[in-house]
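The values are calculated or read from the model by the stated rules, or taken from the named source; none is laboratory data. The structure presented is a predicted model; accordingly, all values stated were derived computationally and were not measured. Quick reminder, even Gly has a Cβ in these numbers, built from the backbone with ideal geometry, and neighbours come from all protein chains shown.
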Amino acid sequence: MPAETQSLDKFMGNSENLYEAVMVVAKRARQINEEQYQRMRDKQILEELDGEFEEEFLNLEEEKNEAEDPVEPEENPVVSAQKEFLQGKISHHYESTK
């Protein structure tokens, strides 16, 4: 799902300035991306532990001929982060400076 053009007024309503809004959304997008990567990696590890890895290793030539399973497309992390920000699900604050 591609990102769509957004109205800047929406972001300014949830933040003091546009730069702050962009930084909050970007940080959350990186977190979402890391979570998606971890889920994918955990799935791979579980498949390997089930013994499927050895079977796949022995039948490499058969697998080359087979088409890969279609992967479910996950929502773009930036789009997810924007939705969370605009819905007020992301809270952000500044650390006190000493």
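For region 66-74, state whether one or more residues are modelled with pLDDT of 90 or more, within 17 Å of the chain's Cα centre (by Cα) and among the hydrophobic types (A, V, I, L, M, F, W, C). No, because not a single residue in region 66-74 is modelled with pLDDT of 90 or more, within 17 Å of the chain's Cα centre (by Cα) and among the hydrophobic types (A, V, I, L, M, F, W, C).
Each residue in region 1-37 was checked for being in a helix (DSSP H, G or I) and among the acidic types (D, E), and 4 of them qualify. If I filter region 35-56 for residues that are under 29 Å from E4 (Cβ atoms), of a type in the set (S, T, N, Q) and modelled with pLDDT of 55 or more, do I get at least one hit? Within region 35-56, one or more residues are under 29 Å from E4 (Cβ atoms), of a type in the set (S, T, N, Q) and modelled with pLDDT of 55 or more. Could you please let me know if S91 is out of contact with any His (no Cβ under 9 Å at 6 or more places or on another chain), loosely packed, with under 13 Cβ neighbours inside 10 Å, modelled with pLDDT of 75 or more and of a type in the set (S, T, Y)? Judged against the criteria, S91 is a match.
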